[in-house]
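Colleague: Okay, handing you the structure first.
The values are calculated or read from the model by the stated rules, or taken from the named source; none is laboratory data. Not measured: the values here are computed from a predicted model. As a convention, Cβ positions derive from the backbone with ideal geometry for all residues, glycine included, and neighbour counts pool all protein chains shown. We work out accessible area using only protein heavy atoms, side chains counted, and drop any ligands, DNA or RNA first. Shrake-Rupley method; radii C 1.70, N 1.55, O 1.52, S 1.80 Å.
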Amino acid sequence: MNFQAGAFAGSSIAQATMCAFTRYDLPNVHVVDQDVTSNRPKVAAYRAPGAPIAAFAVESVVDEMAQRLGIDAIELRLRNAAREGTRTYYGSTLGPIGYVETLEAAKAHPRYSAPLGSDQGRGVATGFWFNIGNETSVALNVNEDGTIALLLGTIDVAGGHRASLSMIAAEELGIPVERVRAVVADTSGLGFNFVTAGSRGTFAGGMACAVAARDAIEKLRQRVARIREVPVEDVAWQAGRAVPAANGSTPFAPMSLAEIAKVAGKTGGTIAGHAEINAQGAGPGFGTHIADVEVDRATGAVRVVRYTVVQDVGKAVHPAYVEGQMQGGAAQGIGWALNEEYVYGADGLLQNPGFLDYRMPVASHLPRIATVIVEVPNPNHPYGVRGCGEVPARNSSMGFKRAKPELPGTSNANELRCSVSTAPRTAPSVLARTIAESM
């Protein structure tokens, strides 16, 4: 693989190398990559950097093999799918993953067998992202009124992050989530936090929230032991209250979190939990997409008729926000697949530097994107979370490669293989290939 880096070295070639073949259990893989500098602006990371490009090539070849062998595209992937225990070609061994489950769910989905209309075709593609954890800090302050101020070092990149981490903190403490207020802090108020990237926000942030909440619970138990004059081992924490432990020797009147907080200032001071961790064990994410498209024979324009995203997210803490991540990633991938490109002139200058000419999809360009959330928990996380933000952006551009609109009057059983091997598949490129393949 050769990746253009712009004027300075540092393209996303490393990520592309890791993501190219990881969906498959292959005994022999050899990947050579080159980071190529050129007279263009330096590249930068963008959702699942490098991965869509590498997977586009691999998934295209997998589809060609399925067509030549006469095997269903999903069935061929199932026969060669990576599973728990598969050793990746870059060294690590996969733990519990849900790749097979996403393939099975996609194959069983009504949309995969739904009849296609005239000039319509169906594509399928799969994707992988390794996910990361790294340094993460959280502070959990117990306020005097019993509410919780949750200070986060991971930012809310795409919505739902603060809500999800508030839910984890509330679950640990045994209180309603409405009692938790999450605030994104900075390095002046928290320990160091690694950049919020690599789909690490809810994985690493959630792990840190659980650690901080458990630290606060231990301090709450100690405070109640002091107030009630009992051994701390006789104090248990259940449903937001300090209660006598089942095997404790000293009974006492339970105290709720709000009751403890109310007297905290007079009994030893403010109570807070902290976490300064290096989150490890990020579970990789896998997904399968189904794209139904329609090609206008006169213009080459491609319209997305139906789109379905199936993804293993580990555990969906906030399913509605997870669905939004899956749909948002798919929308970005559809933009790469059909419209988004840099156009350079013969003089080397960028011809479409603004959003007027750099065409991104908007809501009116897209159908309702259906989602199927698959949950194979990540055993390395207290709530089974695995990153879900970058996997859906990987598959969309590949799904359109296999689309084979049926055009009346053509050869090959009235099937025209409009297989454009480059991206994006703009109307002019599709029209040119359509004309060439029909001659």
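Colleague: Please list 3J(HN,Hα) in residue order for the stretch 120-127, calculated via the Karplus relation 6.51 cos²θ - 1.76 cosθ + 1.60 where θ = phi - 60°; whole Hz, with x for glycine and proline.
Modeller: Along the stretch 120-127, the couplings run 10, x, 10, x, 9, 7, 10, x Hz.
Colleague: Percent of Cα-Cα pairs per 10 Å bin, from 0 to the last occupied bin, for the chain, please list those.
Modeller: 4, 19, 25, 22, 14, 9, 5, 2, 0, 0
Colleague: Suppose only helical runs count, i.e. DSSP H with n ≥ 4. What mean residue ellipticity at 222 nm does that imply for the chain under -39500 (n - 2.57) per run, divided by all residues and rounded to the nearest 500 deg cm²/dmol?
Modeller: -9500 deg cm²/dmol, from helical runs alone.
Colleague: Cα-Cα over 25 Å: which of K42/K315; K219/K262; K262/K315?
Modeller: K42/K315; K262/K315, as the Cα separations exceed 25 Å there.
Colleague: Non-local amide H neighbours of A279 (under 5 Å, H modeled in plane, Pro and chain starts lacking H): which ones?
Modeller: Residues meeting the amide H criterion: N134, E135, T136.
Colleague: For the chain, modelled as a Gaussian network with Cα springs under 10 Å, which listed residue fluctuates most, V295, V157, V124?
Modeller: V157
Colleague: With +1 assigned to the C-beta of every Lys and Arg and -1 to the C-beta of every Asp and Glu, and no other charges, what is the dipole magnitude of the chain about the Cα centre in debye, to the nearest 20? It would help to have the intermediate numbers written out before the result.
Modeller: Numbers: 39 positive and 41 negative charges, 36 e Å.
Value, rounded to 20: 180 debye.
Colleague: Oh, and also: Among A73, A246, A197, which one shows the biggest mean-square fluctuation in a GNM of the chain, springs joining Cα atoms closer than 10 Å?
Modeller: A246
Colleague: Explain nothing, just the number: dipole magnitude of the stretch 3-120 about its Cα centre with +1 on each Lys and Arg Cβ and -1 on each Asp and Glu Cβ, in debye rounded to the nearest 20. Don't skip to the answer; put the middle values down first.
Modeller: Details: 11 positive and 12 negative charges, 53 e Å.
Taking the Cα centre of the stretch 3-120 as origin, the dipole is about 260 debye.
Colleague: Mind giving me the FRET efficiency for T37 and S421? R0 is 30 Å, r the Cβ-Cβ distance, nearest 0.05 is fine.
Modeller: According to the calculation, E is roughly 0.70.
Colleague: At a 1.4 Å probe radius, which order do W336, W129 fall into by accessible area, largest first?
Modeller: The ranking, largest first, comes out as W336, W129.
Colleague: Projected onto the charge dipole of the stretch 120-244 (+1 at Lys/Arg Cβ, -1 at Asp/Glu Cβ, origin at the Cα centre), which of V157, A225, L140 gives the Cα projection farthest towards the positive end?
Modeller: The residue sitting farthest along the positive end of the dipole is V157.
Colleague: Considering the chain as a Gaussian network with a 10 Å cut-off on Cα pairs, which listed residue, S60, S164, S421, attains the greatest mean-square fluctuation?
Modeller: Maximum among the listed residues: S421.
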